[in-house]
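I have placed the structure first, in the form of structure tokens, so that the comments after it can refer back to it.
The values are calculated or read from the model by the stated rules, or taken from the named source; none is laboratory data. Here the structure is a predicted model, which is why all the values come from computation and not from measurement. Cβ coordinates were reconstructed from backbone atoms using ideal geometry, including for glycine residues, and neighbour counts include every protein chain displayed. We work out accessible area using only protein heavy atoms, side chains counted, and drop any ligands, DNA or RNA first. Shrake-Rupley method; radii C 1.70, N 1.55, O 1.52, S 1.80 Å.
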Amino acid sequence: MRPDPLYARYPFFRAAREAVQRADISPPRLVTEGDPAVERARERVERALMSGTVESETPGRWSDRDELLSYPIARILVSLVDVRAAVEKYAEAEAETAFERLTADLEADDAALRSVSTPRADLGTVLDEFDLDGAVRRVDGDRGRAGYRIDVTAYLRLADPDWGDGWRLVNRDLADGTVPVDDAELTRLLREAVRRRVADGLPFEVRGSSGGDAIADALAEDVATLRDRLAERERLPDVDAVVPAQFPPCMQALLEDDEDPLDPHAAFAATAFLVSLGLDADAIAERWPVLDDGSLSYRATVLDDRGGSQYPAPSCATMQTFGDCVNPDERCETIDHPLRYYAAAVADADADANAD
Ligand code: SF4
């Protein structure tokens with residue numbers, strides 16, 4: 001099977017699913033034969049639950065076929081884990097990864113930077129994918145930027161007022177049954193369309209279906225490991241004091257960097273850390289302008305408590321992978337997570353204060 005490379009980047013596209021069906025590939029056989037796609041599926045789910053992305057840590061290892069086939073197997077894994085927070089986190093992570101890829105693709109499209117070696121989605125293809133091709137019309141935007149008008153029914157179907165007052169219909173210029181959105185907002189709406197498609201039908205019954213028992217048995221160890229890791233992550237220390245002087249070195253470095261916008265992974269890590277301390281988007285924007293990049297409100301909402309299980313801030317291992325582990329000190333040798341660093345530092349500072 002040599003799939004269209006675009007399907008490897010967007011495996012939830014209808015055509016991607018049809019390509020898998022046409023190839024007559026049996027997930028039970030892939031699982032029982034230990035196909036590389038199964039290992040990538042494990043990584044896909046683990047990264048989704050632990051780091052909020054399905055992007056591989058070792059992208060060079062996987063073929064387009066592995067990427068594409070890992071998606072249906074990941075859905076099986078998530079269904080077997082069968083924890084509501086896991087399903088939500090998985091759908092969010094697939095949507096977030098798609099959002100980042102789509103944003104990059106559309107920027108490349110605008111800048112005529114398309115390369116033949118990187119297959120990119122264009123806006124028309126994505127709108128068509130979500131039956132929005134007749135609902136979105138390009139218009140001249142502010143200051144020469146791309147703007148759009150979207151049918152109000154499609155807007156109301158996808159936009160969530162919880163994203164902020166700006167998304168409420170009363171704050172939009174409704175005219176002729178359409179509302180204006182800028183290009184970032186349109187991509188945000190498409191992200192929601194992706195999240196819903198990924199979440200649709202999850203979790204499903206694996207055992208009892210054709211070949212389901214064999215798959216469930218073959219993946220039992222992975223499912224147990226994922227459940228353990230999820231539970232362990234949810235036992236992270238609960239610290240609600242905000243004492244920036246005790247933040248771990250990585251967070252201090254990220255939050256002090258007010259020169260350049262943070263990379264998406266760094267912004268995610270720092271926002272997740274601060275949300276874990278009970279801060280909302282307004283409080284974060286006020287104290288750390290470097291995070292106030294236009295996506296902060298949305299990011300903080302996604303990271304906040306969903307289904308009783310907060311999105312975890314990335315571990316030290318993930319921070320190291322993305323180059324966000326900066327200036328580790330002695331305490332770093334004793335912990336595996338920036339929140340554990342912070343909890344220990346706050347406890348030590350309290351103990352010192354009480355001893356004085
Ligand atoms: S070891 Fe962990 S806590 Fe310390 S700087 Fe690196 S990522 Fe931060």
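Results for (1) on the phi < 0 side of the Ramachandran plot; (2) assigned to a helix (DSSP H, G or I); (3) within 21 Å of the chain's Cα centre (by Cα), shown as yes or no for each residue.
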residue: H265; (1), (2), (3): yes, yes, yes
residue: T271; (1), (2), (3): yes, yes, yes
residue: Y298; (1), (2), (3): yes, yes, yes
residue: P312; (1), (2), (3): yes, no, yes
residue: C325; (1), (2), (3): yes, no, yes
residue: A343; (1), (2), (3): yes, yes, no
Can you tell me which of Q320, Q252 is at pLDDT below 90, assigned to a helix (DSSP H, G or I), of a type in the set (S, T, N, Q) and within 10 Å of the ligand (Cβ to nearest atom)?
Q320
Members of the range 78-93 found to be part of a helix (DSSP H, G or I) and either open to solvent by 20 Å² or more (accessible area, probe 1.4 Å) or on the phi > 0 side of the Ramachandran plot (or both), listed by number
L80, R84, E88
Leading residue by the ranking (modelled with the lowest pLDDT) among those in the range 286-297 that are in contact with a helix residue (DSSP H, G or I) (Cβ under 6 Å, 6 or more places away or on another chain) and open to solvent by less than 30 Å² (accessible area, probe 1.4 Å)
L296
Subset tally (residues that are more than 19 Å from the chain's Cα centre (by Cα) and in a helix (DSSP H, G or I)) for the range 192-226:
13
In this structure, does A270 turn out to be within 16 Å of the ligand (Cβ to nearest atom), within 20 Å of D240 (Cβ to Cβ), surrounded by fewer than 19 Cβ atoms within 10 Å (Cβ to Cβ) and at pLDDT 80 or above?
no
